[in-house]
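**Q** First the structure, which I've put down as structure tokens, then a few questions once you've had a look.
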Amino acid sequence: MRRVLAVDPGSRRLGVALSDETGTIANPLTVILHVSRPVDAASVAELADAHGAGLIVVGQSLDDDGRPTFEGRQAQRFAEALQAQTGIPVKLWDEAFTTQMARAARISLGVNRRRRAGHLDELAATVLLQDYLDSLRSGG
């Protein structure tokens, strides 16, 4: 399995995470400041190519009925723009609770309140990617 790159798209920043070569462990990679959909897509495509990713996973928020929320529809448009800029397959993945899980991870790691106040984009992308990788191993 080649590396998997994950993106947690937001209105101001995009968190990016990358798996190890075995597709087992997700690691935070970087945060990209939002410019515009085409520019952001080009930046992500460039990162994916530079790191040898075989798949790009884009986080998409869904409502209780499994339909994309407003942010989820934005993520879908971003994924389409990204797919237009790269030959690497792009897959949408439910990002339910990734930010809350990232916040909980910071707390459990003992990060003090003042340092926890910053953005969680990178960690949210890592949680998203780990969820995706775990689902592959469990057959989901």
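**Q** Given the conditions (1) basic (Lys, Arg); (2) at pLDDT 95 or above; (3) more than 21 Å from residue 87 (Cα to Cα), and given that residue 13 satisfies all but one, which numbered condition is not satisfied?
**A** For residue 13, the exception is condition (2).
**Q** I've got another one for you. Might you let me know whether segment 66-84 holds any residue that is within 15 Å of the chain's Cα centre (by Cα) and of a type in the set (Val, Ile, Thr)?
**A** Within segment 66-84 (the criterion being within 15 Å of the chain's Cα centre (by Cα) and of a type in the set (Val, Ile, Thr)), the answer is no, since none of the residues qualifies.
**Q** Then there is this: For segment 83-94, indicate whether the set of residues that are buried (at least 17 other Cβ atoms within 10 Å of the Cβ), aromatic (Phe, Trp, Tyr), touching a helix residue (DSSP H, G or I) at 6+ places or on another chain (Cβ under 9 Å) and assigned to a strand (DSSP E or B) is non-empty.
**A** yes
**Q** Would you mind telling me which numbered condition in (1) more than 19 Å from residue 31 (Cα to Cα); (2) at pLDDT 75 or above residue 112 fails?
**A** In the conditions (1) more than 19 Å from residue 31 (Cα to Cα); (2) at pLDDT 75 or above, residue 112 misses (2) alone.
The values are calculated or read from the model by the stated rules, or taken from the named source; none is laboratory data. Fair warning: this is a prediction, and the values are worked out from it, not measured in the lab. For neighbour counting, all protein chains shown are included, and Cβ atoms are generated from backbone atoms with ideal geometry for every residue, glycine included.
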